[in-house]
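Here is the structure we will look at.
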Amino acid sequence: MPSSRASGLEALLNRPEQKSFLQRFLRSPIKSTAQLLHRTFALPPPNSPKNSPPIHIVCISDTHNTQPRLPDGDILIHAGDLTQSGTPQELSTQIEWLHAQPHRHKIVIAGNHELCLDNQKPTKNPPSVDWKSITYLGNTATELEFRDDSHKGMRRVKVFGSPWTPKHGNWAFQYMRTEVEFWERTVDVPRETDILVTHGPPRGHLDVGGLGCPLLLRRLWGLEGRPRLHVFGHVHGGYGVAMAGWDSFQRVYEGVMEGTEGVVGLVKMLGFGVWRALNAYFGKYEQGVTVMVNAAVVGGVRDEKRREALCITL
């Protein structure tokens with residue numbers, strides 16, 4: 001007969017990745033209700049610019065040496081953690097896999113597992129990486145061009161990528177949580193960024209109820225032109241797609257999730273949510289919308305789950 005300790009360990013390892021709504025409500029009724037309201041008053045995704053071709057984007061992250069089947073698209077984005085142990089051999093294998101994909105543009109950033117790419121980590125033989133057909137972004141930007149004769153137009157898309165996440169353990173590309181101005185001083189996100197790729201999520205967005213970075217969230221609010229698409233991973237359990245509208249409804253929701261707003265915050269969310277819905281319905285919503293994508297491929301307590309790539313059209 002198994003011991004109670006062994007049974008407890010087995011239960012821990014096999015616990016569900018996401019708790020049910022009832023479980024979350026009993027644990028935190030205010031926050032779970034806020035999440036429900038946030039989904040209820042979600043905005044539609046942003047439309048393509050007039051007379052511009054739609055762009056099909058395939059999003060993945062946290063493959064950790066796995067090589068999932070990928071649908072075709074105009075852009076393939078990998079938001080970091082290609083590898084498990086961060087060795088040059090693992091990285092080379094993943095590069096070959098991505099290079100073989102048919103996508104016209106392939107964008108990759110590092111994650112906290114890519115130890116061999118972090119020049120602040122002591123390595124005996126820092127690798128000279130051949131990225132082949134892949135564009136690697138390390139706090140850098142690139143501009144992609146799309147022409148479609150059927151739309152008689154040219155569309156340019158600016159993409160910025162950064163691997164940095166708050167420190168947790170002794171991994172790569174991490175900053176101290178006390179560096180409150182890290183994203184303002186160290187990571188210079190260009191003003192007109194269409195697609196932002198970071199390894200970790202901003203606080204309150206597809207981050208399992210608060211595991212994302214509040215400093216990154218503050219930087220998003222501070223950007224003059226907010227991205228139309230933000231792709232990330234890192235928090236495996238947050239896999240999915242959500243819309244962020246940069247308005248009073250969103251501000252109050254984030255306050256509830258941070259614990260600075262209580263029951264009154266829920267009442268505010270309801271009022272702002274109705275106002276948001278009316279403006280969206282009549283085409284008068286002007287605050288801008290960002291499609292948030294947590295594209296973590298692996299999931300589960302032991303990373304035993306495999307998810308599909310998430311496809312977004314902008």
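Structure values in brief
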{"quantity": "Criterion: at positive phi and either touching a residue at least 24 places away in the same chain (Cβ under 8 Å) or in contact with a Pro (Cβ under 6 Å, 6 or more places away or on another chain) (or both) - qualifying residue of GLY240, GLY265", "calculated": "GLY240"}
{"quantity": "Tally, over region 168-199, of residues that are in contact with a Leu (Cβ under 7 Å, 6 or more places away or on another chain) and small (Gly, Ala, Ser)", "calculated": "1"}
{"quantity": "Count of residues meeting criterion [in a loop (DSSP other than H, G, I, E, B) and at pLDDT 95 or above] in region 195-208", "calculated": "3"}
{"quantity": "Filter result (within 26 Å of the chain's Cα centre (by Cα), assigned to a loop (DSSP other than H, G, I, E, B) and of a type outside the set (S, T, N, Q)) within region 258-285", "calculated": "GLY259, GLU261, TYR285"}
{"quantity": "Matching residues, region 177-216, being hydroxyl-bearing (Ser, Thr, Tyr) and open to solvent by 50 Å² or more (accessible area, probe 1.4 Å)", "calculated": "THR178, THR186"}
{"quantity": "Cβ-Cβ under 7 Å pairs, at least 6 apart or on other chains, region 123-140 side over 24 Å from VAL159 (Cα atoms) and at pLDDT 70 or above, far side open to solvent by less than 60 Å² (accessible area, probe 1.4 Å) and of a type outside the set (A, V, I, L, M, F, W, C)", "calculated": "PRO127/PRO88"}
{"quantity": "Breaking point among (1) open to solvent by 10 Å² or more (accessible area, probe 1.4 Å); (2) in contact (Cβ under 8 Å) with a residue 60 or more places away in the chain; (3) part of a loop (DSSP other than H, G, I, E, B), for PRO227", "calculated": "(1)"}
{"quantity": "Residue count for region 238-251, restricted to those that are among the aliphatic types (A, V, I, L, M), open to solvent by less than 10 Å² (accessible area, probe 1.4 Å) and modelled with pLDDT of 95 or more", "calculated": "0"}
{"quantity": "Residue satisfying all of: in region 300-314; in contact (Cβ under 8 Å) with a residue 40 or more places away in the chain and not in a strand (DSSP E or B); surrounded by the fewest Cβ atoms within 10 Å (Cβ to Cβ) among these", "calculated": "ARG302"}
{"quantity": "Residue satisfying condition, being surrounded by fewer than 19 Cβ atoms within 10 Å (Cβ to Cβ), closer than 30 Å to PRO71 by Cα and of a type in the set (Gly, Ala, Ser), within set GLY288, GLY271", "calculated": "GLY288"}
{"quantity": "GLY255 vs. criteria outside any strand (DSSP E or B), of a type outside the set (A, V, I, L, M) and open to solvent by less than 30 Å² (accessible area, probe 1.4 Å)", "calculated": "yes"}
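Here's the yes/no breakdown for (1) assigned to a loop (DSSP other than H, G, I, E, B); (2) surrounded by 23 or more Cβ atoms within 10 Å (Cβ to Cβ):
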{"residue": "GLY80", "(1), (2)": "yes, yes"}
{"residue": "THR93", "(1), (2)": "no, no"}
{"residue": "ASN112", "(1), (2)": "yes, yes"}
{"residue": "ASN119", "(1), (2)": "yes, no"}
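The values are calculated or read from the model by the stated rules, or taken from the named source; none is laboratory data. Remember, it's a predicted structure, so these values are computed and weren't measured experimentally. Ideal geometry is used to build each Cβ from the backbone, glycine not excepted, and the neighbour counts take in all protein chains shown. Ligands, DNA and RNA are excluded from the accessible area calculation, which covers all protein heavy atoms including side chains. Shrake-Rupley method; radii C 1.70, N 1.55, O 1.52, S 1.80 Å.
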